[in-house]
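Engineer: Before I ask anything, let me first share the structure, which is written out below as structure tokens.
The values are calculated or read from the model by the stated rules, or taken from the named source; none is laboratory data. Worth saying up front: this structure is predicted, and the values here are computed from it rather than measured. Note: ideal-geometry Cβ built from the backbone for every residue, glycine included; neighbour counts use all protein chains shown.
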Amino acid sequence: MESAVKALLTPGKGLLAADESIGTIGKRFEALGIASTEENRRAYRELLFTTPGLADHISGAILFDETIRQSTGGEPFPRALARKGIIPGIKVDKGTAALPFFEGEKVTQGLDGLRERLAEYRQMGARFTKWRAVIAVGDGLPTPACIGANAHALALFAALSQEAGLVPIVEPEVLMDGDHTLARCGEVTAGVLKTVFAALFEHRVRLETMLLKSNMVLPGKDCPQQPAAGEVAEATIRCLRRVVPAAVPGIVFLSGGQTGVEATQRLNAICGISGSPWILSFSFGRALQDDALGAWRGLTANAAAAQEALRHRASCNGLAVQGKHTARAERERLID
């Protein structure tokens, strides 16, 4: 697990989250007129994973249960990724369900049978896992019950993953939905992380062989005050310094509902602040994929353009984790 953590946190690289469920990717396909067949989903993931130069900026890829069982040219995706120097991982939660008696709040499912599934995924080549909890912000939300239920599930997932020799990526996401302020997001994020790390400690999870996948501290999408990237960076680092133990080797940021450019610019500002005890990186899904998916649209003739879109966005984020992203770098693909 130590070697996997070190490789995932390679300087200048981050994670590609390609772990959308069949339902989620189906909605994205539908918006572009792409049929969500198993072959189309396989072809799209093949396009992503075989992008030339991807391993220059991507250290790991998070797969979905269907995807880890698929192949490219007869070679299983996990093996093909590992051969390129990209560590294969797997999303192991089974999505969210309504939390009984707590309107507007959810708890993540998937603990039943997890020990057996982890053993299977390890045999298939996965070296790390991911579990996502979602925390809504609103009037009276989140409640302690919701935070506690999700923290317990995250901790048990992490313990089971380490038992199986897999690095757990713990993802408690404070959602961007709503009109809450930057300060309110910081308050909620800090409270959620305090509860999560208390649960991890109680379950004897080894912090040195796990990663935290965190939201940036951001106001809700409907908040009238949308701060500059520098203010987001300062609020994010301030929050994390207060509650995340230094024993955690790395924090990878999720993109949430941000555009690719927004996520890159904010990541760049966050990583430009010195003095953090952890290695900071990214684990982006839509923010890495949106341009590529829009260019592909299910057509083989568009594959090269789609791969170039992904390579460019991955390159920009590779610079951002070093605090070196610039407007010139953002324009590079257009210049080419």
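Engineer: Those residues that are hydrophobic (A, V, I, L, M, F, W, C) and in a helix (DSSP H, G or I), I need them from region 281-298; list them, please.
Structural biologist: Ala287, Leu288, Ala292, Leu293, Ala295, Trp296 - these are the residues of region 281-298 that are hydrophobic (A, V, I, L, M, F, W, C) and in a helix (DSSP H, G or I).
Engineer: Write out, first by first residue and then by second, each pair whose Cβ atoms fall under 8 Å of each other, whose residues are 6+ apart or on separate chains, and whose first residue, in region 1-24, is part of a helix (DSSP H, G or I) while the second is among the aromatic types (Phe, Trp, Tyr).
Structural biologist: Qualifying pairs under 8 Å: Ala4/Phe128; Leu8/Phe128; Ile22/Phe64.
Engineer: At least 1 residues that are touching a Phe, Trp or Tyr at 6+ places or on another chain (Cβ under 8 Å) and touching a residue at least 12 places away in the same chain (Cβ under 8 Å) in each: list the strands (runs of 3 or more DSSP E) lying fully within region 96-179 that qualify.
Structural biologist: Where strands (runs of 3 or more DSSP E) fall fully within region 96-179 and carry at least 1 residues being touching a Phe, Trp or Tyr at 6+ places or on another chain (Cβ under 8 Å) and touching a residue at least 12 places away in the same chain (Cβ under 8 Å), they are 106-108, 128-135, 167-174.
Engineer: Further question: So, in region 108-123, of the ones that are among the aliphatic types (A, V, I, L, M) and surrounded by 16 or more Cβ atoms within 10 Å (Cβ to Cβ), which residue ends up nearest to Ala183 (Cα to Cα)?
Structural biologist: So, considering only residues that are among the aliphatic types (A, V, I, L, M) and surrounded by 16 or more Cβ atoms within 10 Å (Cβ to Cβ), the one nearest to Ala183 (Cα to Cα) is Leu111.
Engineer: Scan region 243-296 residue by residue and report those that are surrounded by 19 or more Cβ atoms within 10 Å (Cβ to Cβ), among the β-branched types (Val, Ile, Thr) and under 25 Å from Lys194 (Cα atoms).
Structural biologist: Passing the criteria: Val244, Val248, Ile251, Val252, Ile270, Ile279.
Engineer: Could you identify the single residue in Ser274, Ser255 that is of a type in the set (Gly, Ala, Ser), more than 15 Å from His312 (Cα to Cα) and in contact with a strand residue (DSSP E or B) (Cβ under 9 Å, 6 or more places away or on another chain)?
Structural biologist: Ser255
Engineer: A follow-up question, please. Of the residues Cys185, Cys223, which single one is assigned to a helix (DSSP H, G or I), in contact with a helix residue (DSSP H, G or I) (Cβ under 9 Å, 6 or more places away or on another chain) and of a type outside the set (Phe, Trp, Tyr)?
Structural biologist: Cys185
Engineer: Next question. Considering every residue within region 235-257, establish whether at least one is over 26 Å from Thr10 (Cα atoms) and either in contact with a Leu (Cβ under 6 Å, 6 or more places away or on another chain) or not in a helix (DSSP H, G or I) (or both).
Structural biologist: No, that holds for no residue.
Engineer: Only one of these is closer than 24 Å to Phe282 by Cβ and either among the β-branched types (Val, Ile, Thr) or in contact with a Cys (Cβ under 7 Å, 6 or more places away or on another chain) (or both): Val134, Val107. Name it.
Structural biologist: When all the criteria are applied, what remains is Val134.
Engineer: Of these, Gly275, Gly294, Gly323, which one is modelled with pLDDT under 95 and either hydrophobic (A, V, I, L, M, F, W, C) or more than 22 Å from Glu171 (Cβ to Cβ) (or both)?
Structural biologist: Gly275
Engineer: Scan region 305-335 for residues that are touching a Leu at 6+ places or on another chain (Cβ under 6 Å) and either surrounded by fewer than 19 Cβ atoms within 10 Å (Cβ to Cβ) or of a type in the set (Lys, Arg) (or both) and report the count.
Structural biologist: 2
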